[in-house]
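Just so it is clear, none of the values below were taken in a lab; they were calculated from the coordinates. Only a predicted model underlies this, so the values are computations on that prediction, with no experimental measurement involved. Virtual Cβ from ideal backbone geometry, glycine too; neighbours counted across all protein chains shown.
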Amino acid sequence: MLDSSRQRPQNLFGLRTFLALFCGVAFVVRATTGAVVIREDGGKLRVELNGALFTEYHYKEVARPYLYPIIGPGGASMTRDWPMKDTGKDATDHPHHKGLWFTHGDVNGVDFWSEVKKFGRIVHEKFLKSGPDTISSRNNWVAADGTTVCSDERTLRFYAPTDVKMLDYEITLIASQGDVTFGDTKEGSMAIRVAETMRVVKPIVKGQKKAEPGEGHIVNSEGVRDKDAWGKRAAWVDYYGPVDGRIVGIAMFDHPQNPRHPTWWHVRDYGLFAANPFGIHHFEKKPTGAGALKIEAGKSVTFRYRFVFHEGNEQQARIAERYREFAKT
């Protein structure tokens, strides 16, 4: 185990980090806010914060890389278990909603969002050099016929303060194979499926005509709440509700330097929670294609998001204040 609190040449530090991700060596970053450990664990990367499991990064033999589970404050499991784990307690809709992920439903006409016939896959190519508290990788977006449509480089940085758990997710979309267009569809993009008990509405059971109210809530930076937050533009959204008898929440921040900030939100009362800067046709009933974003060959576009996993509602967790801090970075 290597301790990043020791001083070392920068190039050697980067090399050791790179090698550690392949050799199963655990890295620890020590600071006044706690410790982050990332290590290989049976074909996935295990991330520990302050000595406890926070999440696992799944990247082998999957439709796209994703994080699951995500363990929040007090040990609360904050993502739906199904389809990764069948507990018999979760709704079984949308099997492509796995943990926390980034993808899109129309990339040069290829569907990378769902997992139905002829869907595209985001294939892990390699890990990149990074710090001890980060996972950096390069990935290829591959159509069902084997054609690579584009690539990405993503960096996930983890933080271990004492009052919340945090993750920064930065992704650079690269037109590596020629021009690429991220099409105008609501099916995207930076997403998480929250725990079932956090839903705004309960799953519809046999014999019901409509869903009953749940105990969860959605609120955005403009004060719009619950189902009315769908399709609205906002700097941040917070989705909170009960898990194991305590109120916990997930806030997602859209960085001010992101293209099309403030983004639109594909956030549903049944538990899907996504930032989508491309789906203007659906969100604002504008002409088809209004939200499409073209990246010219050889160029790239970068998006940066922050997730805050907290106790209480958005006011108790000081989400507006935390967003202002993030916006300055």
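Worth a mention:
- Distance histogram in 5 Å bins (all Cα pairs of the range 101-190, percent per bin): 3, 14, 22, 22, 16, 11, 8, 4, 1, 0
- Links that overshoot a 22 Å alpha carbon limit, given the list K186/K294; K98/K165; K89/K117; K202/K285: K89/K117; K202/K285
- Globularity index of the chain is 0.97 (Cα radius of gyration / 2.2 N^0.38 Å, N = number of residues).
- Centre-to-centre separation between the Cα atoms of the range 225-267 and those of the range 174-191: 21 Å.
- Comparing mean-square fluctuations of R39, R246, R199 from a GNM of the chain with C-alpha springs under 10 Å, the top value falls on R246.
- For K299, the lysines whose Cα comes closer than 23 Å to its Cα, not counting residues fewer than 8 places off in the same chain, are K126, K129.
- Computed magnitude of the charge dipole of the range 2-327 (debye, nearest 20; Cβ of K, R +1, Cβ of D, E -1): 180
- Residue of V107, V301, V116 that the Gaussian network model of the chain assigns the largest fluctuation, springs spanning Cα pairs under 10 Å: V116
- Straight-distance crosslink candidates among aspartates and glutamates, where the alpha carbon sits under 19 Å from K227 and sequence neighbours closer than 8 are dropped: D93, E187, E196, E212, E215, D238, D269, E284, E314
- Relative contact order (%) - the chain, alpha-carbon pairs under 8 angstrom, separation at least six: 15
- Residues whose amide H lies under 5 Å from that of I247, counting only those 5 or more places away or on a different chain, are G312; hydrogens are built 1.01 Å from N in the peptide plane.
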